[in-house]
Every structure is written in structure tokens, then in C-alpha cells.
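Chemist: Starting off with a structure, shown below.
The values are calculated or read from the model by the stated rules, or taken from the named source; none is laboratory data. Predicted model only: the values in this text are computed from it and were never measured. So basically every Cβ, Gly included, is an ideal-geometry build from the backbone, and we count neighbours across all protein chains shown. In case anyone asks, the SASA skips ligands and DNA or RNA and just uses the protein heavy atoms, side chains included. Shrake-Rupley method; radii C 1.70, N 1.55, O 1.52, S 1.80 Å.
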Amino acid sequence: MANDMNNEQTALPVQRQLDAYNAKDLAAFIACYHQDIAIYRMPAAAPSLKGRAALEAFYKTERFSIAALRAEVLQRMVVGNKVIDHEKVYGMAEQPYEVVVVYEVQDGLIINAWFYPAG
């Protein structure tokens with residue numbers, strides 16, 4: 001039972017950012033991330049985005065400006081402080097695409113995220 005509670009607490013900021021993403025609520029979305037967030041687009045060794053300001057600027061201009069943008073979780077696992085989501089993303093291309101995202105949660109905020117595109 002305690003493990004279920006820990007898993008729920010770990011997954012909470014990830015679910016909040018997904019809800020904010022789908023609502024295109026930039027302030028609520030950014031609030032789910034640590035000041036030192038690092039976003040990795042695998043197989044890159046270095047982050048493609050580093051820090052809350054860079055994340056906010058990117059999502060404001062490159063993502064939340066897309067009217068049809070939304071994501072749905074097909075499957076979620078929580079292992080320790082990692083939340084692994086299998087997501088389907090709509091609006092970025094003609095056809096939806098799938099991605100696996102590993103979110104690392106620290107002190108109730110997402111501090112790292114690794115995006116693994118399908119295929």
C-alpha cells in the first residue's frame with residue numbers, strides 16, 4: 001500500500017504536466033518542472049533543452065501554438081523516482097506518432113526527461 005502511495009506521488013507532476021500540455025496552459029505546464037530541467041531527445045548525449053526558461057520559450061513558440069496538439073498516455077509505469085510513459089502525440093505531424101518518455105521526479109518536480117521516438 002505504501003508503494004502505491006509513493007507511485008502516485010511520483011506520477012503526480014507527470015500527470016499534471018500532461019493535463020497542462022493538453023490544455024496548452026503554459027504556466028501550469030512549466031510549474032511541473034524543476035528550475036534545472038534537462039530534456040533529452042534520444043539518442044543525444046547532451047540535453048536539447050536546459051532550464052525552465054528555455055523549456056518555456058520552446059513550448060510557447062514551438063508546441064502550444066499548434067492547435068491540434070495533444071498527447072495521450074497508452075501505458076504508464078512507475079519505478080522508483082522514474083515515470084515511464086508510452087504516449088501517442090497528435091497534431092505534430094499528419095499522423096499521430098508514438099514516443100516513450102522517461103521522467104525523473106525529484107522533490108515533486110520533473111528534473112529530467114528522456115524522449116525515445118518509436119521507430
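Chemist: Rounded to the nearest 0.05, what FRET efficiency do Asn7 and Val100 have when you use their Cβ-Cβ distance and R0 = 22 Å? Mind showing how you got there, number by number?
Modeler: Values: r = 18 Å, r/R0 = 0.82.
For R0 = 22 Å, the calculated efficiency reads 0.75.
Chemist: Can you pick out the pairs among Lys50/Lys88; Lys24/Lys50; Lys60/Lys82 whose Cα atoms lie more than 22 Å from each other? If you can, show how the numbers build up before the last one.
Modeler: Values: Lys50/Lys88 24 Å; Lys24/Lys50 20 Å; Lys60/Lys82 26 Å.
Result: Lys50/Lys88; Lys60/Lys82 exceed 22 Å.
Chemist: Which value, in Å², gives the accessible area per residue of the chain when a 1.4 Å probe is used on the protein heavy atoms?
Modeler: Accessible area per residue: 56 Å².
Chemist: What is the distance, in nm, between label points placed 7 Å from the Cα along the Cα-to-Cβ direction at Asp25 and at Met77?
Modeler: 3.0 nm
Chemist: Show me, for segment 44-56, the HN-Hα J-couplings you get by feeding each phi into the Karplus relation (A = 6.51, B = -1.76, C = 1.60, θ = phi - 60°), rounded to Hz, glycine and proline as x.
Modeler: 3J(HN,Hα) across segment 44-56, in whole Hz: 4, 8, 10, x, 7, 9, 9, x, 4, 4, 5, 4, 4.
Chemist: Then there's this: To the nearest 10 degrees, how steeply does helix 2-23 sit against the main Cα axis of the chain, on a 0 to 90 scale?
Modeler: Once rounded, one gets 10 degrees.
Chemist: Taking amide H atoms as placed 1.01 Å from N in the peptide plane, list the residues 5 or more away in sequence, or in a different chain, whose amide H sits under 5 Å from that of Leu49.
Modeler: It is Ile39, by chain and number.
Chemist: Tell me the mean residue ellipticity at 222 nm calculated for the chain from its helices only (DSSP H runs of n ≥ 4, each -39500 (n - 2.57), averaged over every residue, nearest 500).
Modeler: -8500 deg cm²/dmol
Chemist: Where the centroid of each part is defined by its Cα atoms, how far is segment 1-67 from segment 73-106 in Å?
Modeler: Result: 11 Å between the Cα centres.
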